[in-house]
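Working notes for the structure below.
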Amino acid sequence: MEGVVIRHRTVEANGISMHVAEAGPEVDAKGAVLFLHGFPELWYSWRHQMDHLGARGYRCIAPDLRGYGGTTAPPDVASYTAFHIVGDLVALLDTLGLAKVFVVGHDWGALIAWYLCLFRLERVKALVNTSVAFMRHIMIRNGPDFVNPIEYFNRAYGPNYYKCRFQEPGVAEKQFAPAHAKRLMRQMLCHCFSHGVFCDEEMDDNKYPTSPLPPWLTEDDIDYFVTSFEKTGFTGAINYYRNFDKNCELAAPWADAKVQVPTKYIVGDGDITYNFEGIQDYIHGGGFKEDVPLLDEVVVIPGSGHFIQQERAQEVSDHIYDFIIKF
């Protein structure tokens, strides 16, 4: 770590209060970088990249997304669509006086980043997305043979697959009770979404041991996440999954749209998102490039799992910097 100071503030945007972490210069920056975290995370997942880029003259902005951490968590499930989240981000940029930014996303943050580039591409200089590739079939209603994402996941993986299991209010909340936050965060960060492990209904400590922690994770890191989720719970985060189908319906006007933003994509070869059926053929066989014509590079990091920006922090930081410095 290079010792860049992280600043915190609350910004009123799109009718909610957003907790925002910032690093690097506030004026005369080389550019602004907007970091978008995934599930079940916070701005904190980007601490290494903010330190790296902030020290190199970039203004780094990492909000807790709607429903997470210090940001408002509306009670209505319907308040967590991609339109709401993208609306939050556009309003945040407006409030900060930023017409155009670099965007870096991971997991759900990557999905939201793809939507942001479709809906408001004029606000994005360039995109670095990690973990989740552009997947039109689970993002946008398109064509007569379209299958809603939750039905698709149900057919492919069964009703106990976590994205299906999360749909019924109360079921996921029982597993993800705030009182379980410490055990859950250790299990999620150490095991879930990597090397063939999804998010099982019962994450048994004997089957998925979390001691000792991997070298890229400390007890202080775990405690930062735990302190937040013990306070907020996980419902806001889970509500993103409950809007998969609605997002496709809302995004129908972009059924045949392409992502016209310069893009770099980074994924670990152990990430479950890189091992979905057919995804590697899509990423490397031309389909991804067809959907994202300005795709500059695909980086596959051997041995890395899902939480790649923490697990391979220096590599990911270097890849981001080497890309955005071109613009």
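The values are calculated or read from the model by the stated rules, or taken from the named source; none is laboratory data. Note that the coordinates shown come from a computational prediction; the quantities given were computed from them, not determined experimentally. Backbone-built Cβ (ideal geometry, glycine too); neighbour counts: all protein chains shown. Just so you know, the surface numbers come from the protein's heavy atoms only, side chains and all, with ligands and any DNA or RNA stripped out. Shrake-Rupley method; radii C 1.70, N 1.55, O 1.52, S 1.80 Å.
Quick rundown of the values:
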item: Failed condition for ARG9, given (1) out of contact with any Asp or Glu (no Cβ under 6 Å at 6 or more places or on another chain); (2) over 30 Å from PRO253 (Cα atoms); (3) in contact (Cβ under 8 Å) with a residue 40 or more places away in the chain; result: (3)
item: Matching entry among VAL292, VAL259, VAL299 (being under 30 Å from LEU213 (Cβ atoms) and of a type outside the set (Phe, Trp, Tyr)); result: VAL299
item: Qualifying residue in region 46-60 (condition: within 29 Å of TRP254 (Cα to Cα), of a type in the set (D, E, K, R) and touching a residue at least 12 places away in the same chain (Cβ under 8 Å)); result: no
item: Residue under evaluation HIS52, criteria (1) part of a helix (DSSP H, G or I); (2) more than 18 Å from LEU189 (Cβ to Cβ); (3) under 14 Å from the mean Cα position of the chain (by Cα), criterion not met; result: (3)
item: Residue check for HIS306: open to solvent by less than 50 Å² (accessible area, probe 1.4 Å), under 22 Å from ALA55 (Cβ atoms), out of contact with any helix residue (DSSP H, G or I) (no Cβ under 6 Å at 6 or more places or on another chain) and not charged (D, E, K, R); result: no
item: Failed item in (1) over 18 Å from the mean Cα position of the chain (by Cα); (2) in a helix (DSSP H, G or I), with LEU111 passing the rest; result: (1)
item: Helices (runs of 4 or more DSSP H) fully within region 242-310 counting 1 or more residues that are under 28 Å from ASP145 (Cα atoms) and free of Cβ contacts under 8 Å to residues at least 24 places away in the same chain; result: 279-284, 287-291
item: Hits in region 136-145 - residues which are surrounded by fewer than 22 Cβ atoms within 10 Å (Cβ to Cβ), in contact with a Phe, Trp or Tyr (Cβ under 8 Å, 6 or more places away or on another chain) and either at pLDDT 95 or above or on the phi > 0 side of the Ramachandran plot (or both); result: MET139
item: Test: ALA179 is over 20 Å from GLU249 (Cα atoms), in a helix (DSSP H, G or I) and open to solvent by 50 Å² or more (accessible area, probe 1.4 Å); result: yes
item: Condition broken by VAL20, with the remaining ones in (1) in a loop (DSSP other than H, G, I, E, B); (2) modelled with pLDDT of 95 or more satisfied; result: (1)
item: Answer from ALA126, ALA91, ALA99 - the residue that is crowded, with 17+ Cβ neighbours inside 10 Å, of a type in the set (A, V, I, L, M), in contact with a Leu (Cβ under 9 Å, 6 or more places away or on another chain) and within 20 Å of PRO63 (Cα to Cα); result: ALA126
item: Residues located in region 221-235, provided they are open to solvent by less than 10 Å² (accessible area, probe 1.4 Å), of a type outside the set (A, V, I, L, M) and part of a helix (DSSP H, G or I); result: PHE225, PHE229
item: Pairs where the first residue, in region 178-196, is without any contact (Cβ under 8 Å) to a residue 60 or more places away in the chain and the second is of a type in the set (D, E, K, R) and open to solvent by 10 Å² or more (accessible area, probe 1.4 Å), C-beta under 7 Å, 6+ apart; result: PRO178/GLU230; ALA181/GLU230
item: Region 309-327, residues that are touching a Leu at 6+ places or on another chain (Cβ under 9 Å) and open to solvent by 70 Å² or more (accessible area, probe 1.4 Å); result: none
item: Residue match in region 36-59 (condition: at positive phi and either touching a His at 6+ places or on another chain (Cβ under 8 Å) or open to solvent by 40 Å² or more (accessible area, probe 1.4 Å) (or both)); result: no
item: Sole exception among (1) closer than 16 Å to HIS106 by Cβ; (2) crowded, with 19+ Cβ neighbours inside 10 Å for TYR282, by number; result: (1)
item: Failed item in (1) surrounded by 15 or more Cβ atoms within 10 Å (Cβ to Cβ); (2) acidic (Asp, Glu); (3) over 24 Å from GLY196 (Cα atoms), with GLU173 passing the rest; result: (3)
